[in-house]
Amino acid sequence: MAFKTTRPLRFGDCDPSGIAYFPSYLNILVGVLEDYFASLGFPWRRLIDDRRIGVPTVRLDLTFMKPGLQGDDLEFVLVVRGIGRSSLDLEHQVSANGHVLWTAKHRVVATSLDNNQSHAWPDDIRAALTSHLEKTDAHHPAT
């Protein structure tokens, strides 16, 4: 099941011509990921302070198709594609005004904030993530 949310593209996210500055997209994407975890019942503040779990990005592949413009409402669709011992593979599609602006393949890893090493997803978080796992081939033996 995809997670969907909308974010405005603000003046401060754009260059002087009004076109989105790509590092701003990454900052907005982090906020979307934070909101996704909160929607599962795991706000980052609780993960960080109480459970000492970090969720750093270890791989991010972006493809830009069209520019985003100041004032656009960016529509984010986040899909869970895979869950490893400590990794989480996501795909993002970002659209505005009915057009896809960019897509991303994104891997984050659960880490212990005490030793900065990868950390297996705790059972409750794994269960929540698994309930959102997209299965593109229901007949594939691995799904």
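Of the residues A120, A128, which single one is of a type outside the set (V, I, T) and in a helix (DSSP H, G or I)?
Numbers: A120 fails: in a helix (DSSP H, G or I).
One residue alone meets the criteria, A128.
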Tell me, please, whether a residue that is in contact with a Lys or Arg (Cβ under 7 Å, 6 or more places away or on another chain), loosely packed, with under 14 Cβ neighbours inside 10 Å, part of a strand (DSSP E or B) and in contact (Cβ under 8 Å) with a residue 24 or more places away in the chain can be found in the range 72-82.
no
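Restricting to the range 16-61, and then to whatever is of a type in the set (D, E, K, R) and closer than 16 Å to L74 by Cβ, can you tell me which residue is least open to solvent (accessible area, probe 1.4 Å)? So that I can check it myself, show each step before the final result.
Taking the range 16-61 as the starting set, the residues that turn out to be of a type in the set (D, E, K, R) are 34-35, 45-46, 49-52, 59, 61.
Next, only the ones that are closer than 16 Å to L74 by Cβ stay: 34-35.
Details: E34: 79, D35: 63 Å².
This residue is D35.
Within the range 42-57, is even one residue in contact with a strand residue (DSSP E or B) (Cβ under 8 Å, 6 or more places away or on another chain), closer than 19 Å to L113 by Cβ, assigned to a loop (DSSP other than H, G, I, E, B) and among the hydrophobic types (A, V, I, L, M, F, W, C)?
As a first pass, look at the range 42-57 and keep what is in contact with a strand residue (DSSP E or B) (Cβ under 8 Å, 6 or more places away or on another chain): 47-48, 52-57.
With the extra rule that they be closer than 19 Å to L113 by Cβ, the set shrinks to 47-48, 52-57.
Those left that are additionally assigned to a loop (DSSP other than H, G, I, E, B): 52, 55-56.
Retained after the next criterion (residues that are among the hydrophobic types (A, V, I, L, M, F, W, C)): 55.
Yes - at least one qualifying residue is present in the range 42-57.
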K66 fails exactly one of (1) over 15 Å from L33 (Cβ atoms); (2) assigned to a strand (DSSP E or B); (3) touching a Leu at 6+ places or on another chain (Cβ under 6 Å), namely (2)
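Across the range 61-82, which residue is nearest to V109 (Cα to Cα) among those that are of a type in the set (A, V, I, L, M, F, W, C) and in contact with a helix residue (DSSP H, G or I) (Cβ under 8 Å, 6 or more places away or on another chain)?
Narrowing the range 61-82 to residues of a type in the set (A, V, I, L, M, F, W, C): 62, 64-65, 69, 74, 76-80.
With the extra rule that they be in contact with a helix residue (DSSP H, G or I) (Cβ under 8 Å, 6 or more places away or on another chain), the set shrinks to 62, 64, 74, 76, 78, 80.
On the way: L62: 18, F64: 24, L74: 26, F76: 21, L78: 16, V80: 13 Å.
Per the criteria, the residue is V80.
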Given the conditions (1) surrounded by fewer than 14 Cβ atoms within 10 Å (Cβ to Cβ); (2) on the phi < 0 side of the Ramachandran plot, every one holds for N116 apart from (2)
In the range 91-108, which residue that is within 15 Å of L29 (Cβ to Cβ) and either free of Cβ contacts under 8 Å to residues at least 24 places away in the same chain or of a type in the set (D, E, K, R) (or both) is least open to solvent (accessible area, probe 1.4 Å)?
S95
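The values are calculated or read from the model by the stated rules, or taken from the named source; none is laboratory data. Everything numeric here is computed off the predicted structure, so don't read it as measured data. FYI the Cβ positions are ideal-geometry reconstructions off the backbone, even for glycines, and counts take in every protein chain you see. When the accessible area is computed, the model is the full protein with side chains, heavy atoms only, and any ligands, DNA or RNA have been set aside. Shrake-Rupley method; radii C 1.70, N 1.55, O 1.52, S 1.80 Å.
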